[in-house]
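The values are calculated or read from the model by the stated rules, or taken from the named source; none is laboratory data. Small disclaimer: the values here were computed from a predicted structure and weren't measured. Ideal geometry is used to build each Cβ from the backbone, glycine not excepted, and the neighbour counts take in all protein chains shown. Surface areas here come from the heavy atoms of the whole protein model, side chains and all, with no ligands, DNA or RNA. Shrake-Rupley method; radii C 1.70, N 1.55, O 1.52, S 1.80 Å.
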Amino acid sequence: EWTNIEALYTNTTNICFGATRGCIIDNSYDYVVKFDLEESEYGSCDDEIRIYDIAKERHLEKFFLRPRFIGVYERKIHYYNFSDIFDRLDCNYFYEDFPLDVKERLKDCDCVKEEILIRIPLYAYPRAERYEYPNVDKQIQDSYIKTYSNSPLAERSSLVAFTIEKEYGKNEAYALSDFLYDLGINDLHKGNLMCYHGKPCFSDYCGYNS
């Protein structure tokens, strides 16, 4: 049913957009649906499936929300190319965007009507709540910057490293830090840490250029 995105615009549904991905959130489901904004053979969600599988081999999967591929949204869109009418313009206009009277006039217009197929892979992630960070003294935060100076855990915020170590212990935090470093995972800012079943875990962990 998630492959029919048009049906999702209800009072309970929100579609949010980040730098590289979109996310469909419906209050009636215990998971969210993510999709890449740029077309590519291998996207961010695919990368997170790979990362999660490797983390599971190392018994570190508890730190990450598990992604699952659930299907492909497909839709055909018609548009008019007016480059053959206006010499200086090379603009594409979506047929659905025109009012009805304009659509009628376009039938007799000497321009090219083309069809494109949109295909968007969709991925389900467990729904989690935003992690509520405690107030931590700056001196303590600075100490975590030193302890995790070369770790992706403290690259964007020492509060991330503090939270992981506080909730899971030093040994687990160090193991996660090594894992992130080995796979080149970065950009783990505070907004990527969520609360799932009472524990902090990452909802967005493909990083940049990982």
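Round to the nearest 0.05 the FRET efficiency obtained for residue 76 and residue 129 when R0 = 35 Å and r is the Cβ-Cβ distance. So the FRET efficiency works out to roughly 0.40. Rounded, prolate or oblate: which fits the stretch 23-81, taking a ≥ b ≥ c as square roots of the Cα gyration tensor eigenvalues, rounded meaning a/c under 1.5, else prolate when a/b beats b/c? Cα axes put the stretch 23-81 in the oblate bin.
Remark on the stretch 148-203: Rg and Dmax equal 10.2, 29 Å (Cα only).
Count Lys and Arg as plus one, Asp and Glu as minus one, and take only other residues whose Cβ is under 13 Å from that of residue 169; the net charge is then +1.
Label positions at residue 150 and residue 57, each projected 7 Å from the Cα along the C-beta direction, are separated by 2.4 nm. Give me D for the stretch 114-210 in µm² s⁻¹, whole number, from Stokes-Einstein with Rh from the Kirkwood sum over alpha-carbon pairs, 20 °C and 1.002 mPa s. Result for D is 146 µm²/s. Accessible area of residue 116 (1.4 Å probe, protein heavy atoms only, ligands and nucleic acids ignored): about 60 Å².
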